[in-house]
Amino acid sequence: MNKVKKKVVLYFILCLVGCLVVEGIILGIMDALLMSFSSPNDNMVLIIIGVFLILSLMNIVGGAYLFYRLTSKTWQKESMRQINERNMLYSCIAHDLKTPMTSVQGFATALKEGKVKPEEQAEIYEIIYNKSCYMNELLDTMFAFSKLNTDDYKLSLREVDLCALVRELVAFHYDEYEKMDMDLDIDIPEEAIICNADEKEMKRAISNLLVNAYKHNEKGAHILVRVSAQGDMVRIIVADNGDVINEKVATTIFEPFAKGDEARSGGKGTGLGLAISNLVVEKHGGKLYIDDCIEGYTKGFVICIKRF
């Protein structure tokens, strides 16, 4: 949406400059006409002024019409993009919900009809619980993306210690890294790095990067989690030594569903994690990007935001 607003402002400036240029040309022509007459009478002057006013009005109307055509086409494209994106979101979530829902229904029916042996019931309850958590996660992801993708949503900003926040998130996901036998290199300063941020949304953005690291890398991978400050800027890096992201994928990786089909086929997510992180960072006036020049690592996802 911000890109559309910038386009509209650009179109307005271009149309305004165009109208001023044309107005200058018309004025120059009128002056030349007046100068061509040695002693123009009052009627001649009135006619020239009338023509000037008509041409000026036509210039203004033409500029306004051009601006309307350009902006209406831009807004129409944006509306269609949002509709398609929303339909894709619902379609993907419905697709991802279908399999766990079928499993839950099947296991619940088996329990209800007494077809599960007593010694197997605990395992079935665990499966049902995990499937329901996964479905809840999918719905939370859908709501988060829909909410962040609107202009009306406002961040709840306050002073947040990003070092403490990242340490808390690493501790929360630590078991998953251990299961994957991953080597964690944690480079977080002991002293606080305070930033004016929405704690809940920033947690979501950073957590998505941490989850992405252990879900999309092989066992035994090396992971770097770093927080650093330079001047009024803060950088949060989640890097790994896994596969390199090729240039084509890198240009679309922060778009929703850019790798959705691949992610769902591998059971690795909805394809919205990085898109949500990108939206959160943009809402904070920052930037999320890929850095392939981190020593010892093939790639790193970097959040860069201002402290205040």
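Structure notes:
- Cβ-Cβ under 8 Å pairs, at least 6 apart or on other chains, the stretch 240-252 side assigned by TED's automatic domain parsing to the domain that holds His216, far side surrounded by 12 or more Cβ atoms within 10 Å (Cβ to Cβ) and charged (D, E, K, R): Asp240/Lys299; Gly242/Glu218; Gly242/Lys299; Val244/Asp292; Val244/Lys299; Ile245/Asp292; Ile245/Lys299; Val249/Lys259
- Condition check for Cys304: touching a Gly at 6+ places or on another chain (Cβ under 9 Å), outside any loop (DSSP other than H, G, I, E, B) and either over 28 Å from His95 (Cβ atoms) or touching a residue at least 40 places away in the same chain (Cβ under 8 Å) (or both): yes
- Positions within the stretch 165-184 being farther than 17 Å from Leu209 by Cβ and either in contact (Cβ under 8 Å) with a residue 60 or more places away in the chain or in a helix (DSSP H, G or I) (or both), in sequence order: Asp175, Glu178, Lys179
- Filtered residue count, the stretch 214-242, keeping only those that are out of contact with any strand residue (DSSP E or B) (no Cβ under 7 Å at 6 or more places or on another chain) and either more than 19 Å from Cys293 (Cα to Cα) or not in a strand (DSSP E or B) (or both): 8
- Qualifying residue in the stretch 32-51 (condition: outside any loop (DSSP other than H, G, I, E, B), surrounded by 12 or more Cβ atoms within 10 Å (Cβ to Cβ) and not aliphatic (A, V, I, L, M)): no
- Residue within the stretch 38-49 that is at pLDDT below 90, of a type in the set (A, V, I, L, M, F, W, C) and within 38 Å of the chain's Cα centre (by Cα) present: no
- Test: Ala197 is closer than 19 Å to Ser277 by Cβ, in the same structural domain as Asn241 (by TED's automatic domain parsing) and small (Gly, Ala, Ser): yes
- First in the stretch 73-87 and modelled with pLDDT of 80 or more, second anywhere and among the aromatic types (Phe, Trp, Tyr), Cβ under 8 Å, 6 or more apart: Thr74/Tyr11
- As a summary of the residue check, Lys117 satisfies the conditions (1) more than 30 Å from Ser228 (Cβ to Cβ); (2) touching a helix residue (DSSP H, G or I) at 6+ places or on another chain (Cβ under 7 Å) except for the one numbered (2).
- Residue satisfying all of: in the stretch 119-156; among the charged types (D, E, K, R) and part of a helix (DSSP H, G or I); surrounded by the most Cβ atoms within 10 Å (Cβ to Cβ) among these: Lys131
- Val211 meets the stated requirement of being at pLDDT below 95, closer than 18 Å to Gly300 by Cβ and part of a helix (DSSP H, G or I).
- Residues in the stretch 225-244 that are surrounded by 16 or more Cβ atoms within 10 Å (Cβ to Cβ) and within 25 Å of Gly285 (Cα to Cα): Val225, Arg226, Val227, Ala229, Val234, Arg235, Ile236, Ile237, Val238, Ala239.
- The stretch 144-174, subset under 21 Å from the mean Cα position of the chain (by Cα) and aromatic (Phe, Trp, Tyr), residue farthest from Ser207 (Cα to Cα): Tyr153
The values are calculated or read from the model by the stated rules, or taken from the named source; none is laboratory data. Since this is a predicted model, take the numbers as computed values, not measurements. Virtual Cβ from ideal backbone geometry, glycine too; neighbours counted across all protein chains shown.
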